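The values are calculated or read from the model by the stated rules, or taken from the named source; none is laboratory data. Keep in mind that this is a model prediction, so the values were computed, not measured. Positions of Cβ are generated from backbone atoms using ideal geometry, with glycine treated the same way; all protein chains shown enter the neighbour counts.
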Amino acid sequence: MGVVVVSGGTNGMGRAFALGRAERGDRVLVLGRNRERGEALADGAITFVPVDLSSVAETRQVVEHILTEYQVVDALTLFANAVAPRRIVTSEGLERTFALYYLSRYLLSFGLREALDRATAPVIVNIAGVGVTKGGVRWADPQLASGYSAVTAQLQAGRANDLLGVGFTQQSGSRARYVLYHPGFTKSGDRSALPLVVRGLLAALSVAARPVADSVAPIHQFLDTPPAAPLTAVDRNKRLPASFPTLDPQNAERLMDLTEKLLN
């Protein structure tokens with residue numbers, strides 16, 4: 001039995017994964033904004049921790065809360081994401097997709113390393129889009145002040161998460177194994193914020209989408225038997241080489257520097 005943190009665990013794949021870990025006997029901390037969904041999950045094995053992960057301040061606060069309450073964290077799983085059809089700027093002046101999908105994962109990964117390193121076999125699983133080569137970090141305009149679209153924002157944050165895995169293994173000094181995992185298109189998530197046309201398109205595509213259980217199964221395996229390598233990248237069932245274009249070490253170092261400047 002271990003302590004497993006699940007960001008974005010109130011619906012979709014995150015919810016299914018949290019329930020699966022609880023069934024396996026783990027103590028599960030679900031981080032999310034939707035109180036109704038989160039409190040419906042909470043029971044003896046699952047604790048709901050309300051937090052808006054698009055807020056740097058709230059994410060830092062939840063990191064401190066976890067470190068205070070739990071000496072050991074065995075696994076961190078990162079699911080939190082939301083598609084924004086229009087550009088939204090948070091109260092901290094950050095483009096919301098970048099803040100939620102990437103910055104929260106950076107803060108949780110580096111912030112919880114102390115507790116992770118006390119575990120016997122710590123692992124971080126970042127569920128994003130590794131294996132996709134489209135998009136990239138807009139180095140001169142990471143907040144997408146110009147040329148915003150939901151797709152552009154998702155692709156930028158996805159490529160940033162690829163580099164986060166590399167940057168964490170380069171700079172953290174942590175014992176935790178870092179896994180970048182792309183589950184492929186899955187019948188999962190809340191689409192209510194999307195335009196009707198987009199929801200209709202996704203509904204049509206869902207016919208060929210993977211069931212949630214199939215997409216979540218490998219994540220359980222990563223926790224039960226963490227990989228030997230410090231960094232593992234898996235696109236559905238295919239393991240990617242360290243030389244994969246989106247895992248460039250120099251770009252990872254550049255992003256870690258950029259991220260620190262944004263956060264300070």
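A few points about this structure:
- Failed item, numbered, when V234 is tested on (1) β-branched (V, I, T); (2) in a helix (DSSP H, G or I); (3) modelled with pLDDT of 55 or more: (2)
- Where Y101 falls short, out of the listed (1) assigned to a helix (DSSP H, G or I); (2) surrounded by fewer than 17 Cβ atoms within 10 Å (Cβ to Cβ): (2)
- Condition check for L31: at negative phi, surrounded by fewer than 23 Cβ atoms within 10 Å (Cβ to Cβ) and of a type outside the set (D, E): no
Residues are listed down the side, and each one gets a yes or a no for (1) under 12 Å from the mean Cα position of the chain (by Cα); (2) within 28 Å of P227 (Cα to Cα); (3) of a type in the set (F, W, Y):
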residue	(1), (2), (3)
A84	no, no, no
S104	yes, yes, no
A115	no, yes, no
T133	no, yes, no
L144	no, no, no
T152	no, no, no
G165	yes, yes, no
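- The number of residues in segment 218-260 that are without any contact (Cβ under 8 Å) to a residue 24 or more places away in the chain and either surrounded by 15 or more Cβ atoms within 10 Å (Cβ to Cβ) or closer than 20 Å to Y102 by Cα (or both) comes to 3.
- Answer residue from segment 167-187, given it is assigned to a loop (DSSP other than H, G, I, E, B) and in contact with a strand residue (DSSP E or B) (Cβ under 6 Å, 6 or more places away or on another chain) and is farthest from T225 (Cα to Cα) among those: G184
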